[in-house]
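The values are calculated or read from the model by the stated rules, or taken from the named source; none is laboratory data. Owing to the predicted nature of the structure, the values given are computational and were not obtained by experimental measurement. All Cβ positions, glycine included, derive from the backbone under ideal geometry; neighbour counts span all protein chains shown. Just so you know, the surface numbers come from the protein's heavy atoms only, side chains and all, with ligands and any DNA or RNA stripped out. Shrake-Rupley method; radii C 1.70, N 1.55, O 1.52, S 1.80 Å.
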Amino acid sequence: MIFVKFKYMHESRQRRIRSVIDITDLLKLTVEKDASDLHIVVGRPPVLRVDGILHDVEDMPPLSAADTHRFIYSILTDLQKQKFEEKKELDFSLSISNIARFRVNVHFQRGSVASAFRVILSKIRNFEELSLPKTLCETLARRPFGLIMITGPTGSGKSTTLAAMVDLINRERECHIITIEDPIEYLHSHKKALIEQREVNEDTFSFANALKYVLRQDPDVIMVGEMRDLETIGAAITAAETGHLVFSTLHTVDVVQTMDRIIDVFPPYQQDQIRIQLAGVIEGVLCQKLLPSSMARGREISVEIMIATEAIRSLIREGKTHQIYAMLEAGGKYGMQTMDRALINLYKKGRIKKEMALMNAKNLDEMKRHLFS
């Protein structure tokens, strides 16, 4: 893979590369090569993730501790440096003029500074551009109240899907939207809606702290970047119960695990009550994966979809979440589908390879039957 050719090729001159290349050059290269992430770590050249695969930046030498320190500290404010050195971790967003916005995580590893930069596209894409089911996603985003979850592993496009839903509401409804993010990723401007974006550590101390006061700020729609703890989850459910539309994310791999994670975070004596509350407010769950495309470039999105029918609400109330999967399989008329069905559809359309469908299958025997019949 050829990403970039630098001017000085001899080992004696490669040291000079470190002094003439700065982090802005690397971030510009990341965008030019359509990479999703840039990694800076000691012992490797800068690393780009393109279509889910990691590649060293060509002709860059392995970075030293001094290199990574210089690259990363060049973009930190004095306050950010102080916070990073105190907590050993730092999340923030970074905007580079005429290049892009980035979500940045800075951390220590083996005593040296390292970082990961995630590209945030300036344009908020719609559901069709994201290859998401347009009608279903629009229907969910237009719900007047309730809880909608977007889940999946890191890098599965959860923030992008959330941004598309918030943007639809922003364009269509005269309402008040408040987002709580860590950090702020997509920037929304006021359209029909009044929209406020609050960043953890900059505008509020935590998700839980922001949610504690959000109902006094007269919101109609609340977007919580991530439900990380009991207090945040409880506050989000309460907000949905009181007539607000709440969006949030979890790092869960399927719908059943999402429901169980929300319930299990509470102590046993509270779980029966939480099941009742969750059954009453949940409207839908989209569980996403991004997979390498069988086409020349790019990735394909595979989505497990749950719509909260009365039957599914009953299963949640009764603690029978393990039976939800059967409901997804039988719920096609409501727009529901399992991850396995989504994988099969992508394979039949020629969008992913057979090996990729098998690798990500929940029920491997059933997947083989569909793919090899």
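Please list, ordered by chain and number, the residues whose modelled amide H lies under 5 Å from the amide H of M223; skip anything fewer than 5 residues away on the same chain.
Answer set, sorted by chain and number: I178, T179, I180, F247.
Straight distance only, please: which aspartates and glutamates reach the Cα of K349 with their own Cα at less than 13 Å, same-chain residues fewer than 8 apart left out?
Partners found: E300.
Per residue and in Å³, how big is the convex hull formed by the alpha-carbon atoms of region 150-302?
122 Å³
Positive end of the dipole of the chain, charges at C-beta (+1 Lys, Arg; -1 Asp, Glu), about the Cα centre: which of G225, A193, G331 has its Cα farthest in that direction?
The listed residue farthest towards the positive side: G331.
Determine ³J(HN,Hα), in whole Hz, for all residues of region 297-307 in sequence, where each value follows from phi through the Karplus function 6.51 cos²θ - 1.76 cosθ + 1.60 and θ = phi - 60°; x replaces Gly and Pro.
Coupling constants for region 297-307: 9, x, 10, 10, 9, 10, 10, 8, 10, 10, 10 Hz.
In Å², what does the accessible area per residue of the chain work out to with a 1.4 Å probe?
Value returned for the chain: 48 Å² of accessible area per residue.
Starting from a Cα-only point model with no solvent, please compute log10 I(q)/I(0) by Debye for region 228-373 at q = 0.10, 0.14, 0.17 1/Å.
Each listed q corresponds, in turn, to -0.39, -0.72, -0.96.
Based on Cα coordinates alone, diagonalise the gyration tensor for region 117-221, multiply each eigenvalue by 5, take square roots, and list the semi-axes in whole Å, largest first.
In descending order, the three semi-axes are 21, 18, 13 Å.
Taking all pairs of distinct Cα atoms, average 1/r, flip it, and tell me the Kirkwood hydrodynamic radius of the chain in Å to one decimal place.
Every distinct Cα pair counted, the radius reaches 22.3 Å.
Please figure out what share of the DSSP beta bridges in the chain is antiparallel and state it in percent, rounded to the nearest 5.
Taking every DSSP beta bridge with both residues in the chain, the antiparallel ones total about 60 percent.
Per residue of region 245-254, what does 6.51 cos²θ - 1.76 cosθ + 1.60 with θ = phi - 60° give for ³J(HN,Hα)? Whole Hz please, x for Gly and Pro, Karplus curve as stated.
8, 10, 10, 7, 10, 9, 8, 10, 9, 7
For the chain, give the percent of accessible area contributed by carbon and sulfur heavy atoms, probe 1.4 Å, rounded to a whole number.
Heavy-atom surface of the chain belonging to carbon and sulfur, 1.4 Å probe: 49 percent.
Along region 365-370, what does the Karplus equation 6.51 cos²θ - 1.76 cosθ + 1.60 (θ = phi - 60°) give for ³J(HN,Hα), rounded to whole Hz, x for Gly and Pro?
Using θ = phi - 60°, the values come out as 5, 5, 5, 4, 4, 6 Hz.
How large is the dipole of region 283-373 about the Cα centre if only Lys and Arg carry +1 and Asp and Glu carry -1, each at its Cβ, rounded to the nearest 20 debye?
So the dipole magnitude of region 283-373 works out to roughly 400 debye.
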